[in-house]
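Q: First the structure, then my questions, so here it is.
The values are calculated or read from the model by the stated rules, or taken from the named source; none is laboratory data. This is a predicted model, so every value here is computed, not measured. Because the Cβ atoms are built from the backbone with ideal geometry, glycine has one as well, and the counts that use them run over all protein chains shown.
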Amino acid sequence: MQMTFRWYGDDDKVTLDQIKQIPGVTGIVSAIYDVPVGEVWPIEKIIALKEKIEAKGLNFDTIESVPVHEDIKRGLPTRDELISNYCETLRNLSKVGIKVVCYNFMPVFDWTRSDLDFELEDGSTALVYRQKTVEKMDPSTGELSLPGWDSSYTKEELKDLLNEYKKITEEDLWNNLEYFLKKIVPVAELADIKMAIHPDDPPWSIFGLPRIITSKKNLDRLINLVDSPSNGITLCSGSLGPNPNNDIPDMIRYFGSKGRIHFAHTRNIKITGDRDFEEAPHRSVDGSLDMVEIMTAYHDVGFDGPMRPDHGRMIWGETGRPGYGLYDRALGATYLNGIWETLEKQSK
Ligand code: DNO
């Protein structure tokens, strides 16, 4: 396992120098943020990013994410050209030594929460999801500001897009995902890149949109759409965890022993009601997931890919990008590294 940290580039308040000082964090996960979705990532930009990260003594071989254009998810005729651009980006990433590419296939909205700064008992703030609040939100009014929301849409565009999706069923989305994978996985294989789909967060439909990467059964369907080691998963415990039927250690053992987990997002959540949850500190006792069991499962399957502590709360007065402050994520990384060190010693 290699402990990594997500860095949003020069705009990130958290600096590479700070990340480098977190014990046991050896790698950076990042992306090119200034190329519009659907266009090819120029190799020069990827090289510049890699050099900046490596100059600090940190590794860089994981991208989160190369976003998938909505036309591909919707199966529009324009998808072929967009997919061919996607393949070109994969080839460019490969030339620069990238090994893992995270992406998602969530229509319109990436990860979604109802509050971005809910105050917990200890005075820290966390991201929370309350189903009733989300049901009252109307994304087409444009008054929403969600962490995973592409704010480049105008109100009208968003309204149209949401309307278009009314025609798309879950099976349509599966077909469009299969079409995409059949084109990109052979390219990823040749480029020695492992594709790692990120689960839908939360793992159920929101705003009436279809969502399919939600459970063990569906992840199994995904890896069999194209049976290749390059067609794998980002196992995100905090995304799959809000559904209590998702047994995360079991999923890690199942997909890990098949060699299909290429990236691990490891954080805790606390289920507070039916389809309600809070982002908890990483320790097992603070949330609903057994983090020792999760790390043991990774250890047992010999997981040697990148892991990151994923999100953190805002603590010690820190402000910044929701979920992506320095302090709580650093504590999370240290806690997870502590469990890992114990497992390593015990297995010797
Ligand atoms: C949230 C992230 C997601 C993830 C994308 C992958 O914190 O894990 O936004 O990067 O879903 O495409």
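Each row is one residue, and each column tells you yes or no for (1) under 19 Å from Ala297 (Cα atoms); (2) not aromatic (Phe, Trp, Tyr).
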position	(1), (2)
Leu219	yes, yes
Ala264	yes, yes
Thr272	no, yes
Phe277	no, no
Pro281	no, yes
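Yes or no, residue by residue, for (1) assigned to a loop (DSSP other than H, G, I, E, B); (2) at pLDDT below 95:
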residue: Phe303; (1), (2): yes, no
residue: Met307; (1), (2): no, no
residue: Gly312; (1), (2): yes, no
residue: Trp316; (1), (2): yes, no
residue: Arg321; (1), (2): yes, yes
residue: Leu336; (1), (2): no, no
residue: Glu341; (1), (2): no, no
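Q: Filter segment 67-87 down to the residues that are outside any helix (DSSP H, G or I) and more than 11 Å from Ile184 (Cβ to Cβ), then identify the one that is farthest from the chain's Cα centre (by Cα). Please lay out each step first, then the result.
A: Let us first name the residues in segment 67-87 that are outside any helix (DSSP H, G or I), namely 67-69, 75-78.
Applying the additional criterion that residues be more than 11 Å from Ile184 (Cβ to Cβ) yields 67, 69, 75-78.
Details: Pro67: 11, His69: 16, Gly75: 23, Leu76: 25, Pro77: 27, Thr78: 26 Å.
That would be Pro77.
Q: Let me ask something additional. Counting only residues that are in a helix (DSSP H, G or I) and among the acidic types (Asp, Glu), which one in segment 176-202 is farthest from the chain's Cα centre (by Cα)? Outline the logic, then answer.
A: Going through segment 176-202, the residues in a helix (DSSP H, G or I) turn out to be 176-190.
Pick out the ones that are also among the acidic types (Asp, Glu) and you get 178, 189.
Numbers: Glu178: 20, Glu189: 21 Å.
Checked segment 176-202; the qualifying residue farthest from the chain's Cα centre (by Cα) is Glu189.
Q: Here's a check for you: in segment 209-229, which residue that is of a type in the set (S, T, N, Q) and touching a helix residue (DSSP H, G or I) at 6+ places or on another chain (Cβ under 8 Å) is surrounded by the most Cβ atoms within 10 Å (Cβ to Cβ)?
A: First, pick out the residues of segment 209-229 that are of a type in the set (S, T, N, Q): 214-215, 218, 224, 228.
Narrowing further to those that are touching a helix residue (DSSP H, G or I) at 6+ places or on another chain (Cβ under 8 Å): 214-215, 228.
Numbers: Thr214: 21, Ser215: 18, Ser228: 16.
Ranking the candidates gives Thr214 first.
Q: Another one. I need a count of the residues in segment 14-50 that are part of a loop (DSSP other than H, G, I, E, B) and in contact with an Asp or Glu (Cβ under 9 Å, 6 or more places away or on another chain).
A: If we filter segment 14-50 for residues that are part of a loop (DSSP other than H, G, I, E, B), which is where we start, we get 14-15, 21-26, 31-42.
Checking the rest, the ones that are also in contact with an Asp or Glu (Cβ under 9 Å, 6 or more places away or on another chain) come to 24, 31, 33, 37-38, 40-41.
Of the residues in segment 14-50, 7 are part of a loop (DSSP other than H, G, I, E, B) and in contact with an Asp or Glu (Cβ under 9 Å, 6 or more places away or on another chain).
Q: Cβ-Cβ below 8 Å, separation at least six or inter-chain, first residue in segment 17-39 and among the aromatic types (Phe, Trp, Tyr), second assigned to a helix (DSSP H, G or I): which pairs?
A: Filtered contacts from segment 17-39: Tyr33/Gly9; Tyr33/Asp11.
Q: Would you mind stating whether Arg321 is touching a strand residue (DSSP E or B) at 6+ places or on another chain (Cβ under 9 Å) and either within 16 Å of the ligand (Cβ to nearest atom) or in contact (Cβ under 8 Å) with a residue 60 or more places away in the chain (or both)?
A: Details: touching a strand residue (DSSP E or B) at 6+ places or on another chain (Cβ under 9 Å): no; either within 16 Å of the ligand (Cβ to nearest atom) or in contact (Cβ under 8 Å) with a residue 60 or more places away in the chain (or both): yes.
In short, no.
Q: So, one more: Pull up segment 230-261, narrow it to residues that are over 21 Å from His311 (Cβ atoms), in contact with a helix residue (DSSP H, G or I) (Cβ under 8 Å, 6 or more places away or on another chain) and among the small types (Gly, Ala, Ser), then point me to the one that is nearest to the ligand (Cβ to nearest atom). First the steps, then the outcome.
A: So the first thing to find is which residues in segment 230-261 are over 21 Å from His311 (Cβ atoms), and the list is 230-232, 245, 247, 250, 253-260.
Keeping just the survivors that are in contact with a helix residue (DSSP H, G or I) (Cβ under 8 Å, 6 or more places away or on another chain) gives 230-232, 247, 250, 253-256, 258, 260.
Now restrict to residues that are among the small types (Gly, Ala, Ser): 230, 232, 256.
Details: Ser230: 17, Gly232: 13, Gly256: 19 Å.
Only one residue tops the list, namely Gly232.
Q: Give the residues of segment 248-272 that are surrounded by 16 or more Cβ atoms within 10 Å (Cβ to Cβ) and in a loop (DSSP other than H, G, I, E, B), sorted by residue number. Steps first, answer last, please.
A: Residues of segment 248-272 surrounded by 16 or more Cβ atoms within 10 Å (Cβ to Cβ): 248-249, 251-256, 260-271.
Selection gives Arg260, Thr266, Arg267, Asn268.
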